[in-house]
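Written below as structure tokens is the structure these notes are about.
The values are calculated or read from the model by the stated rules, or taken from the named source; none is laboratory data. As the structure is a computational prediction, the values presented were derived from the model and not from experiment. In this analysis, Cβ positions are derived from the backbone assuming ideal geometry, glycine residues included, and neighbour counts consider all displayed protein chains.
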Amino acid sequence: VIFTSALALDSINDGTADDQLEELPFLQLGEPVYMVNKTPQVWLDHGVVEQQGALLLIWNVVEELFPEGLIDEMFNSYRNWLQQLATSDAAWTQTHPQLLPSAQLTQRVEVNQTTAPISEDTLHSLFVKQVKRQGEAIALITPEYTLTYQELYTKAHQIGQKLQQLGAIPNSLVGVLMTKGWQQVAAVLGILMSGAAYLPIDPTLPQERQWHLLEQGQVKLALTQANLAGSLSLPEHIPCLSVDAQEWDTIEVTPLDSVQSVSDLAYVIFTSGSTGTPKGVMIDHRGAVNTVLDINQRFEIKPHDRVLAVSALNFDLSVYDIFGILAAGGTIIIPSLDGAKDPAHWVELMAQHQVTLWNTVPALMQMLVEYLSQHPNRPSFPLRLALLSGDWIPLNLPEQIKTFWSQAQVVSLGGATEASIWSVYYPITTVDPEWKSIPYGKPLANQRLYVLNDRMEPCPNWVPGQLYIGGIGLAKGYWRNEEKTQLSFIEHPVTQERLYKTGDLGRYLPDGNIEFIGREDFQVKINGYRIELGEIEVSLQKHSAVKETVVTAVGELQNKQLVAYIVLHSEATAAIDDLRNYLQQCLPKYMVPPNYIFLEALPLTPNGKVDRKALPVPDVASSVSTEYVAPETETQEALAEIWREVLGIEQVGIHDNFFDLGGNSLIAIQVVSRLRDNFNVELPLSKFFEISTVAQLSVQIETIGKNSNLSLAKQLQTLSDNQEKWEEIEL
């Protein structure tokens, strides 16, 4: 943008003596009588001159560079503001002038008019209402168990009674260290019935992190499963009860008094923290209940609906899977632990139990449709609603979903853990070919969204700003961290409304929807996991050999990978495997970078800051720690060729791990399909993660030989080398 003013020339000419004109030859050009404007060499050329005592504003614009209508609205707002400055003394002293076009301002108010009745229920009281209505209806199904609403209530009630006896009180946290199963559902219901709130902790986390979360949460009681009790190592002062132990059946169910209010805590979920310490998001019953009831009403969730609950308990999509479905009287279908990430198992359960509702991050839906496209003869099921959230939605995914379920409604949901699961929604009907992403949408009931600039003023349509969330869903803050709470939960200086600063960037579109643009900081999302890169950097910095480090995320939106750039201390040495193993002792698997690049020094900007744009692009093959061994047999060569094609790399050694080379679950499905076509074998996806090298796969294929009737799955039952190479996807 160029600003050109001729006002100064006019002021010089006023009263200038004739003998001075020779010193200012440009004043001898005469009076302007005609002017012509041409396409500028910049986006916008703004000229201003005085003509007959008035200001003449001239904008020469390359219109093709701007969305339709944007320039007209900009010019009108600019002109109106100058008019106010010229006619009103008060305009010069306003600290927050209203520059938004009136039509846009009216639209923002209408979009945020989301007021709806507020429920006085708690998460568990919604479930109890359904127990009274339909106690014999099926509440929960696993491959091993089926529980009615009454049976689930009885188990939860017994847990609640025991916890109350042991001292559980409102706003205290009870730890839940469990894998997928009915026990999780009974545990969280029981904890809420006791009056306390639940703190989900992944039992596969490193012990150091488990203990840190227990300490941070001031946990005095914990629940687990019998099959995990022997392997967990918890602080001695924390009693850990197995909810599926037989002694629970001896507890007589007696009335439990309701001891908490809707403003008390329902759960705390810890998310990655930029300073190296996870932060616990505190959600009360009122906020969570508002979201689940809104979704149930908006999408007409009824008792006949069934959801496949694949999300992990420490991911807030599970809150809806459990409490949303039970509030509607529906049924939760829980996959087996071994099949939790296997689309073959999902399809089997979804067909057997006629699942109608899907609720995951987009990557898992991609796995499902990819698997179905490779297995067209699989039995069908009446999926009617797909809720996708937690990450970017590929633009072609809605159409792929419609290929299998033409009548299904596909909905994009968004928000933050800090705002009770979801705050914004967008029903996806058609995808505009010009879109760069699926619109973020409009706010849900009793919630509000704002796009504000640095002065906390609303941004006009098309103009990027920071996303803020307001309304009933806002978290109470961060557990035992008032400093972070004050930084993220702020009060608007004009309206005094409490807002959550998401750190996301977005902009309003003319139809009132918000478009999500990305992050303003170093937080990334990979496969649905929210990761603060600073937390990984802090952990790496503690390694004795590491002098400096920067962690970034590279790749396409739906296939990002973490890369760690390392500068070692002089004379220090560290192998890639050393760094990986070190991080695995203190971070979740999904936060351990698969790629490492060693540098002599980090590139710096002229201001002395790390120049992230100058960091070298990683070569995936260079981060593979195994020594390259070329394929030796025809089978190995054929497998290596498949991997080279699907991974887009030039070299694959027989001992290279598929996932270290950049593979993921979606690509693994393609490999499994190619194995079936090339070798006439049917390999379960879950088993591919256990034998994820060319050498291991070739042994199994060659053992089977040419007998296409043998099932590779049966052969794999004898595997003793049970590697855990599941790609980390937020479930």
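Is one or more of the residues making up the stretch 470-488 more than 21 Å from T291 (Cβ to Cβ) and surrounded by 17 or more Cβ atoms within 10 Å (Cβ to Cβ)? Outline the logic, then answer.
We begin by selecting, within the stretch 470-488, every residue more than 21 Å from T291 (Cβ to Cβ); these are 480-484, 486-487.
Checking which are surrounded by 17 or more Cβ atoms within 10 Å (Cβ to Cβ) leaves us with 481, 484.
Yes, the stretch 470-488 contains a residue that is more than 21 Å from T291 (Cβ to Cβ) and surrounded by 17 or more Cβ atoms within 10 Å (Cβ to Cβ).
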Legend entry - Residues of the stretch 115-167 that turn out to be surrounded by fewer than 17 Cβ atoms within 10 Å (Cβ to Cβ), more than 18 Å from L293 (Cα to Cα) and among the basic types (K, R), as a count: 1
Inset, instruction - Identify the residue in the stretch 330-382 that is in contact (Cβ under 8 Å) with a residue 60 or more places away in the chain and of a type in the set (V, I, T) and, among all such residues, is surrounded by the most Cβ atoms within 10 Å (Cβ to Cβ). - result: T360
Legend entry - Options L232, L223, L228, L241; residue that is assigned by TED's automatic domain parsing to the domain that holds A312, assigned to a loop (DSSP other than H, G, I, E, B) and either of a type in the set (A, V, I, L, M) or in contact with a helix residue (DSSP H, G or I) (Cβ under 7 Å, 6 or more places away or on another chain) (or both): L232
Inset, instruction - Identify the single condition in (1) modelled with pLDDT of 90 or more; (2) outside the structural domain of S263 (by TED's automatic domain parsing) that K129 does not satisfy, given that it satisfies every other one. - result: (2)
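Does the stretch 116-131 contain any residue that is assigned to a loop (DSSP other than H, G, I, E, B), in contact (Cβ under 8 Å) with a residue 24 or more places away in the chain and farther than 30 Å from V310 by Cβ?
Here is the first cut: in the stretch 116-131, the ones assigned to a loop (DSSP other than H, G, I, E, B) are 116-122.
Keeping just the survivors that are in contact (Cβ under 8 Å) with a residue 24 or more places away in the chain gives 116, 118-122.
Right, trim to farther than 30 Å from V310 by Cβ and you get 118, 120.
Looking through the stretch 116-131, at least one residue is assigned to a loop (DSSP other than H, G, I, E, B), in contact (Cβ under 8 Å) with a residue 24 or more places away in the chain and farther than 30 Å from V310 by Cβ.
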Inset, instruction - Among the candidates A186, A168, A156, single out the residue that is outside any helix (DSSP H, G or I) and of a type in the set (G, A, S). - result: A168
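Check whether at least one residue in the stretch 86-100 is in contact with a helix residue (DSSP H, G or I) (Cβ under 8 Å, 6 or more places away or on another chain), assigned to a helix (DSSP H, G or I) and not basic (K, R), and report yes or no.
The answer is yes, given that some residue of the stretch 86-100 is in contact with a helix residue (DSSP H, G or I) (Cβ under 8 Å, 6 or more places away or on another chain), assigned to a helix (DSSP H, G or I) and not basic (K, R).
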Inset, instruction - Please verify whether the stretch 398-406 includes one or more residues that are under 25 Å from G503 (Cβ atoms) and assigned to a loop (DSSP other than H, G, I, E, B). - result: no
Inset, instruction - Taking Y590 as the residue in question, decide whether it is in a helix (DSSP H, G or I), under 22 Å from the mean Cα position of the chain (by Cα) and outside the structural domain of M456 (by TED's automatic domain parsing). - result: yes
Inset, instruction - Give me the pairs, please: first residue somewhere in the stretch 451-472 and within 16 Å of S488 (Cβ to Cβ), second residue anywhere and part of a strand (DSSP E or B) and among the basic types (K, R), beta-carbon distance under 7 Å, and either six or more positions apart or on two chains. - result: Q466/K501; Y468/K501; G470/R448; G470/R498; G471/R448
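Conditions (1) out of contact with any helix residue (DSSP H, G or I) (no Cβ under 9 Å at 6 or more places or on another chain); (2) part of a strand (DSSP E or B); (3) within 23 Å of N314 (Cα to Cα), marked per residue:
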residue: V524; (1), (2), (3): no, yes, yes
residue: R530; (1), (2), (3): no, yes, yes
residue: S544; (1), (2), (3): yes, no, no
residue: V550; (1), (2), (3): no, yes, no
residue: S570; (1), (2), (3): yes, no, no
residue: L579; (1), (2), (3): no, no, no
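Residue-by-condition table, conditions (1) under 25 Å from L444 (Cβ atoms); (2) buried (at least 16 other Cβ atoms within 10 Å of the Cβ):
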| site | (1), (2) |
| --- | --- |
| G506 | yes, yes |
| P510 | yes, no |
| E515 | yes, yes |
| F522 | no, yes |
| G528 | yes, yes |
| L540 | no, yes |
| A574 | no, yes |
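Considering the stretch 295-312 alone, what residues qualify as being out of contact with any helix residue (DSSP H, G or I) (no Cβ under 8 Å at 6 or more places or on another chain), part of a helix (DSSP H, G or I) and not charged (D, E, K, R)?
If we filter the stretch 295-312 for residues that are out of contact with any helix residue (DSSP H, G or I) (no Cβ under 8 Å at 6 or more places or on another chain), which is where we start, we get 297-300, 304.
Still in the running and part of a helix (DSSP H, G or I): 297-298.
Scanning the stretch 295-312 gives a single hit, Q297.
Suppose we keep only residues that are acidic (D, E) and part of a strand (DSSP E or B) within the stretch 459-510. Which one would you say is farthest from the chain's Cα centre (by Cα)?
Applying the first criterion (acidic (D, E)) to the stretch 459-510 yields 482-483, 491, 497, 504.
Going one step further and asking which of them are part of a strand (DSSP E or B), we end up with 491, 504.
On the way: E491: 25, D504: 11 Å.
Looking at residues that are acidic (D, E) and part of a strand (DSSP E or B), I get E491.
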